[in-house]
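Notes for the one structure printed next.
The values are calculated or read from the model by the stated rules, or taken from the named source; none is laboratory data. Because the structure is predicted, anything quoted here is derived from the model rather than measured. So basically every Cβ, Gly included, is an ideal-geometry build from the backbone, and we count neighbours across all protein chains shown. For accessibility, only protein heavy atoms count, side chains too; no ligands or nucleic acids. Shrake-Rupley method; radii C 1.70, N 1.55, O 1.52, S 1.80 Å.
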Number of protein chains: 2
Amino acid sequence: MNFRLTILGSASALPVVGKYPTACVLDVHEQFFLIDAGEGVQKQLIRYGIPLHKLNNIFITHLHGDHLFGLFGLVSTLGLTGREHPLHIYAPAPLERIMDSMDPLFSDMPYPIEYHTVDTERCEPIFENKAMTVTAIPLSHRVPACGYLFREKIPPLNVSKDAITELSLTLEEICAAKNGLDIIRDGKTIPNERIAYRPYEPRSFAFCSDTAYSETVVDAVHGVDLLYHEATFASTEAERAERTGHSTARQAATVASQAGAERLVIGHFSSRYKDNHEMLVQEAREVFPETYPGEQGCVFEIKAKCVRH
Amino acid sequence: MNFRLTILGSASALPVVGKYPTACVLDVHEQFFLIDAGEGVQKQLIRYGIPLHKLNNIFITHLHGDHLFGLFGLVSTLGLTGREHPLHIYAPAPLERIMDSMDPLFSDMPYPIEYHTVDTERCEPIFENKAMTVTAIPLSHRVPACGYLFREKIPPLNVSKDAITELSLTLEEICAAKNGLDIIRDGKTIPNERIAYRPYEPRSFAFCSDTAYSETVVDAVHGVDLLYHEATFASTEAERAERTGHSTARQAATVASQAGAERLVIGHFSSRYKDNHEMLVQEAREVFPETYPGEQGCVFEIKAKCVRH
């Protein structure tokens with residue numbers, strides 16, 4: 001039951017040889033969710049072994065090229081490799097119109113694309129499946145932009161094997177326990193929590209790029225296990241960060257700290273820092289020690305925490 | 001006075017880690033002409049040291065993603081790096097409409113783009129400057145496509161320094177000689193070819209991808225110094241080549257041979273051959289020995305041939 005983030009790229013808009021712009025993929029129970037699609041993302045997916053046929057949902061944060069220009073090649077390649085099942089793309093307007101205008105380039109696609117226009121002004125659920133939900137988070141950038149919060153649903157109760165043996169539970173009693181009910185035997189109550197347990201705590205990940213420091217973000221990602229927050233600049237460039245709708249490493253760390261996040265991954269590094277992202281990490285760690293650099297190829301696993309009683 | 005081709009990418013549509021799709025750049029007298037713009041082309045331009053501010057003309061052969069999807073990132077980066085002078089893009093329709101629909105992505109471009117729609121049905125000149133012309137060549141592909149023939153103009157005459165000294169030529173006589181005139185002295189004629197010469201033979205390069213074998217191409221590239229012709233497949237895949245509007249290595253070599261080209265560069269290699277392009281080169285060399293693989297990073301120099309009399 002994976003809950004695992006793989007960073008595909010963390011560069012910002014200006015191209016850097018050997019670096020890829022923003023994209024990452026979240027593996028939730030072996031279903032893969034692509035978040036942003038900077039130029040070259042299709043190669044990065046292949047490089048890091050992401051199975052393309054299990055990629056059914058793509059979330060775009062905003063319509064800036066360094067988050068988007070890899071989408072066209074990926075969409076095209078999925079067609080060339082024989083995909084037939086639908087691809088869902090969640091993005092602010094007007095992505096659908098742009099893709100429609102590129103119709104001559106995608107005229108022989110063997111699979112349908114379903115577009116879901118995301119309202120970047122409201123925190124609202126936009127996706128749900130058996131295992132998880134995705135909520136859009138308004139970001140504060142130069143153009144309409146939203147982050148995405150991925151949250152596992154509370155898993156169904158399991159019944160302890162020990163309890164089944166020890167108490168010789170019947171099938172009916174097991175079913176009742178799975179549904180959260182106590183067991184009544186000879187007028188005595190065996191409380192549900194003695195025999196049933198949640199196999200794990202629901203896990204969560206939030207992706208917030210590109211954005212200036214925002215209290216809306218702090219509120220929206222409260223208690224998140226893993227927060228990806230952009231840190232385009234060091235604090236020495238705070239004025240530039242504000243002017244361009246970006247964050248400093250210190251601001252990213254402040255969001256993580258105020259939100260009570262467990263871990264922070266920073267990325268979307270300005271090309272001025274080249275490979276010296278350690279300096280940004282150090283700046284963030286002064287505020288939030290559990291900060292890690294989101295270098296391409298890095299994997300951040302969120303392990304299931306057991307909650308057996 | 002460079003006339004030099006640099007291959008930026010030679011992969012075809014399916015992505016291969018470490019390889020870039022079709023793009024190359026021709027340096028004619030230190031002006032750079034980009035031909036096709038597969039995904040990642042902006043990084044390849046930087047990697048191979050092409051000065052972006054000297055890139056003023058881009059030629060797109062056809063609207064398939066592996067020849068085009070790098071254009072958007074490049075156009076965007078040129079804006080981010082402060083370009084103000086116009087960029088000219090030559091391409092079949094409807095590229096301009098596609099770019100227009102992407103306006104939200106390019107809204108704050110500080111430079112103008114001028115689109116030139118190329119008729120893919122006719123051999124006709126589409127560009128001219130002081131040093132050279134570019135002619136579009138109809139290709140035979142699944143979608144409207146054209147190749148491009150770059151040809152230096154006949155350079156102005158130079159006057160031999162030896163002749164100037166030996167004959168004590170006056171300024172007027174030098175000017176006359178530069179204009180191709182004979183010199184008349186004391187009723188005697190000194191023929192122009194004794195004192196003036198062409199500094200070099202005009203050089204030429206043709207880029208033909210993607211295309212099936214085509215006699216139109218043979219005629220259009222007659223006598224070219226350097227021919228880039230696609231060779232997506234080996235002859236064992238001749239049926240597939242025909243069906244998809246591509247060429248085999250043997251067909252590329254046949255075009256070079258029939259056209260009397262001096263050298264042939266093959267590219268647009270199918271992903272099935274991975275790094276084994278040598279096999280395609282060998283196949284081509286059976287027909288046209290002066291065949292070379294167009295691997296990314298390769299430079300093909302066309303040296304100026306002196307024609308001093």
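For the stretch B:89-115, a residue qualifies if it is surrounded by 15 or more Cβ atoms within 10 Å (Cβ to Cβ) and away from every other protein chain (no Cβ under 14 Å), and the qualifying residues are B:89, B:90, B:113, B:115.
Within the stretch B:260-272, the set of residues being crowded, with 22+ Cβ neighbours inside 10 Å, closer than 14 Å to residue B:227 by Cα and not β-branched (Val, Ile, Thr) comprises B:261, B:264, B:267, B:268.
If the condition is being within 12 Å of chain B (Cβ to nearest Cβ) and either among the hydroxyl-bearing types (Ser, Thr, Tyr) or crowded, with 23+ Cβ neighbours inside 10 Å (or both), then the stretch A:61-71 contributes A:62, A:64, A:66, A:67, A:68, A:69, A:70, A:71.
Any residue that is open to solvent by less than 50 Å² (accessible area, probe 1.4 Å), part of a strand (DSSP E or B), touching a residue at least 24 places away in the same chain (Cβ under 8 Å) and touching a Lys or Arg at 6+ places or on another chain (Cβ under 8 Å) - is there at least one of those in the stretch B:273-288? No, the stretch B:273-288 has no match at all.
Does the stretch B:69-78 contain any residue that is within 18 Å of the chain's Cα centre (by Cα), touching a residue at least 60 places away in the same chain (Cβ under 8 Å) and closer than 24 Å to residue B:227 by Cα? The answer is no, given that none of the residues of the stretch B:69-78 is within 18 Å of the chain's Cα centre (by Cα), touching a residue at least 60 places away in the same chain (Cβ under 8 Å) and closer than 24 Å to residue B:227 by Cα. For the stretch A:163-241, the helices (runs of 4 or more DSSP H) that sit wholly inside it and include 1 or more residues that are farther than 26 Å from residue A:143 by Cβ and open to solvent by 20 Å² or more (accessible area, probe 1.4 Å) are A:171-178, A:192-195. One residue stands out among those in the stretch B:40-60 that are of a type in the set (Val, Ile, Thr), within 14 Å of chain A (Cβ to nearest Cβ) and buried (at least 22 other Cβ atoms within 10 Å of the Cβ): the one that is nearest to the chain's Cα centre (by Cα), which is B:60. Every condition in (1) of a type in the set (S, T, N, Q); (2) over 19 Å from residue A:141 (Cβ atoms); (3) under 23 Å from the mean Cα position of the chain (by Cα) holds for residue A:247 except the one numbered (2). Among the candidates A:37, A:13, A:23, the residue that is open to solvent by 20 Å² or more (accessible area, probe 1.4 Å) and closer than 19 Å to residue A:95 by Cβ is uniquely A:13. Starting from residues that are in contact with a strand residue (DSSP E or B) (Cβ under 8 Å, 6 or more places away or on another chain) and more than 29 Å from residue B:247 (Cα to Cα), keep the ones in the stretch B:122-131 and report whichever is surrounded by the most Cβ atoms within 10 Å (Cβ to Cβ). This residue is B:131. For the stretch A:250-309, the tally of residues that are basic (Lys, Arg) and closer than 28 Å to residue A:16 by Cα stands at 5. Total residues in the stretch A:135-162 satisfying the condition of being part of a loop (DSSP other than H, G, I, E, B), within 14 Å of another protein chain (Cβ to nearest Cβ) and either open to solvent by less than 60 Å² (accessible area, probe 1.4 Å) or on the phi > 0 side of the Ramachandran plot (or both): the figure is 2. For residue B:28, the criteria (1) open to solvent by 10 Å² or more (accessible area, probe 1.4 Å); (2) among the β-branched types (Val, Ile, Thr); (3) closer than 30 Å to residue B:245 by Cβ hold in every case but one, which is (1). Pairs meeting the criteria (first residue in the stretch A:94-123 and assigned to a strand (DSSP E or B), second residue open to solvent by 60 Å² or more (accessible area, probe 1.4 Å), beta carbons under 6 Å, at least 6 apart or on different chains) are A:115/A:96; A:117/A:93. When you check residue A:82 against the structure, is it out of contact with any Ser or Thr (no Cβ under 9 Å at 6 or more places or on another chain), within 14 Å of chain B (Cβ to nearest Cβ) and buried (at least 24 other Cβ atoms within 10 Å of the Cβ), yes or no? In short, no. Counting only residues that are within 10 Å of chain A (Cβ to nearest Cβ) and either closer than 20 Å to residue A:106 by Cα or at pLDDT below 95 (or both), the stretch B:20-35 holds 1 of them.
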